[in-house]
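Novice: Okay, here's the structure, questions in a sec.
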Amino acid sequence: MSAPDCAPIKRDLVFTQEVRGHGFTYHSTWGLFSPRQLDEGSLLLLNHFPVEPSQLSLDLGCGYGVLGLSIAQQCPEGRVHLVDRDFVAVDYARRNAELNGLSNAEAYLSNGFSAVPGDLRFNNVVSNLPAKVGKEMLSIMVTDAWHHLEPGGRLCVVTIAGLREWCKRNFRDIFGNYKKLKQGKTYAVSMAVKE
């Protein structure tokens, strides 16, 4: 019996998708979140979170770059940092930034904010928060976001709908405010502002 050939499924998954009126080409691979198409939650956030052209933003847990690259395209005079703890995700985010001509996007390895320069203050921190990391890590991420935002800066996250109440409580505890931007069938987009 010969060994099975899995070479075809090791090839990059390549797809194009329009986000906010702009077409993107993405390369992805098995093992990354939503590798064959943009997930419903990320699209919900992107469609309900406007950004300004010169803002500095951070995509926390960037995967292959869905949120950060769209924001980089909307902020041609700004800069976007894309961070993830998975080196494969960072590699794909970096390659997708180059492929889509987004020289204002920089992807690097970081466990939460661990490798984000301490002196940087962002206008926006966005994330498709994964429920599976645990509430302790989620609390660390939200608190660190507060420390890395400019006054008036915004934290905007998309979560499964079941985490909306957690976001509401924790955003109010840490930021002193909470706003639900959009509620979908299975996802919720939540925002807090550093006052």
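Since every read-out is calculated from the coordinates, none of them should be taken as a lab result. All values reported here derive from a predicted model rather than from experimental measurement. Cβ: placed from backbone, ideal geometry, glycine included. Neighbour counts: every protein chain shown.
Novice: List nothing, just return the count: lysine pairs in the range 38-193, 8 or more apart or interchain, with Cα separation under 17 Å.
Specialist: 4
Novice: A further question on this structure: Taking the alpha-carbon centroid of each part, what is the distance from the range 74-99 to the range 123-159 in angstrom?
Specialist: 18 Å
Novice: Moving on to the next point. Could I have the simple spin-label model distance between Trp146 and Asp5, label points 7 Å from Cα toward Cβ, reported in nm to one decimal?
Specialist: 5.7 nm
Novice: Right, another one. Which is farthest toward the positive dipole end of the range 40-179 among Val133, Gly112, His81, measuring Cα position about the Cα centre, with Cβ charges +1 (Lys, Arg) and -1 (Asp, Glu)?
Specialist: Val133
Novice: So how much slack lies between Val133 and Ile160, counting 0.36 nm per residue of separation and subtracting their Cα-Cα distance, in nm?
Specialist: Length gained, Val133 through Ile160: 8.4 nm.
Novice: Further question on the same structure: Treating the beta-carbon of each Lys and Arg as +1 and of each Asp and Glu as -1, no other charges, what is the dipole magnitude of the chain about its Cα centre, to the nearest 20 debye?
Specialist: 620 debye
Novice: Next question. For the chain, with a Gaussian network of springs between Cα atoms less than 10 Å apart, report the residue from Arg95, Arg79, Arg20 with the top mean-square fluctuation.
Specialist: Arg20
Novice: While we're on this one: I want to verify a result. In a Gaussian network model of the chain, Cα cutoff 10 Å, which of these has the top mean-square fluctuation: Val133, Val51, Val14?
Specialist: Val133
Novice: Name the residue, out of Glu136, Glu106, Glu18, whose mean-square fluctuation peaks in a Gaussian network model built on the chain with Cα pairs under 10 Å.
Specialist: In this elastic network of the chain, the residue with the biggest mean-square fluctuation among Glu136, Glu106, Glu18 is Glu136.
Novice: Could you please report the charge total around Leu82, scoring K, R as +1 and D, E as -1 over all other residues with beta-carbon less than 9 angstrom from its beta-carbon?
Specialist: Local charge sum for Leu82: -2.
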